[in-house]
Amino acid sequence: MIYFYRTLILIGCFLLGYLFGSIPNSVIISKIFYHKDPRDYGSHNPGGTNVGRSISKGAGVATMALDFFKVIIPFLSIFALFTYFEPAAQLMLGDDLTYNIFGQGNTLAELTYYLVALGCMFGHAYSCFLGFKGGKIVSTFAGFILATSWTAIPIFAAIFFICLKKTKIVSITSIITTGCITLFSWIVYIVFATCGPTISGYLMFSEFGPHVSIYLPVFFSIGYVLLVFKHRGNLIKLKKGEENKIHWMK
């Protein structure tokens, strides 16, 4: 019976993340403050980039910020629940060890909040409030990065702005940057996690966040595949030389 409850909890965590991710911040902001629907303008994509181009830069920034937090809030909430609330942690951990053949943190308790993050990305990409259509998950992917590892944040920012300055194309910049971060997550797991919890914990958030576990690179990889799939139209335009370029960065 305990395994049945654990399965329900894992499914529930994914669905919780999906509902948070489905919140259409771009549409809500645009309709309330500008009386417009971003799906009727520009690329017709309900994401922060299209809102910034088609509605206003302020609305675009606000959309991206809220899309960050719709991953961070449920992720850290579930992390706190299954880390610091002993009955919940005991329910998922049982007699399992904190360590197993994959290293530290590979437990069902850790799996809960990674499933929340994955649910958020799928919810953003296929929102139940927008007829199962949605954005291209760049902001939610960035929120996932911010929730898991402080070391990835400056790397993410540096690669993003360097690529954007060189290419002037948001889509290819997003694909390259998130690809680099996904590769970084595998390096952190394979190389640094073998050096012990001190180093691996430092690379994440030490005692204030998740440990380096196999879930980190695996869920980043799943998210990256989804992100590239959502950008398939941009890649076709890029191949034809029709992809839009930004003009505000010199």
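Work out the P(r) tail for segment 1-85: percent of alpha carbon pairs separated by more than 14 Å, whole number. Provide the component values of the computation, followed by the final result.
Values: 2384 of 3570 pairs.
Considering segment 1-85, 67 percent of its Cα-Cα pairs are separated by more than 14 Å.
Normalise the Debye intensity by I(0) for segment 2-240, one equal point scatterer per Cα, no solvent, then take log10 at q = 0.09 Å⁻¹ and round to two decimals.
-0.39
Could you list, in their original order, any pairs among 133/237; 70/237; 168/237; 168/230 whose Cα atoms are separated by more than 26 Å?
Numbers: 133/237 20 Å; 70/237 30 Å; 168/237 14 Å; 168/230 19 Å.
Over 26 Å Cα-Cα: 70/237.
Using the crude model of +1 on Lys and Arg Cβ and -1 on Asp and Glu Cβ, and no other charge, please compute the dipole size for segment 2-240 relative to its Cα centre, in debye to 20.
Details: 17 positive and 8 negative charges, 327 e Å.
Roughly 1580 debye, rounded to the nearest 20.
Please arrange 242, 110 by how many other C-beta atoms lie within 10 Å of their C-beta, fewest to most.
The order, fewest Cβ neighbours first, is 242, 110.
Which three lengths, in whole Å and largest first, does segment 23-165 cover when its Cα atoms are put on their principal axes?
54, 35, 21
Would you work out which of 7, 59, 159 lies farthest towards the positive end of the dipole of segment 2-240? Charges go on Cβ: Lys and Arg +1, Asp and Glu -1.
In segment 2-240, that residue is 59.
So how much slack lies between residue 132 and residue 190, counting 0.36 nm per residue of separation and subtracting their Cα-Cα distance, in nm?
Stretched out fully, the residue 132 to residue 190 stretch lengthens by 17.3 nm.
In Å³ and rounded to a whole number, note down the convex hull volume per residue for the Cα atoms of segment 135-190. If you can, show how the numbers build up before the last one.
Details: hull volume 3.8 nm³, N = 56.
It comes to 68 Å³ per residue, whole-number rounded.
Bear in mind that the values in this text are calculations on the coordinates, not laboratory data. Predicted model, so just to flag it, every value in this text is computed and none were measured. Cβ coordinates were reconstructed from backbone atoms using ideal geometry, including for glycine residues, and neighbour counts include every protein chain displayed.
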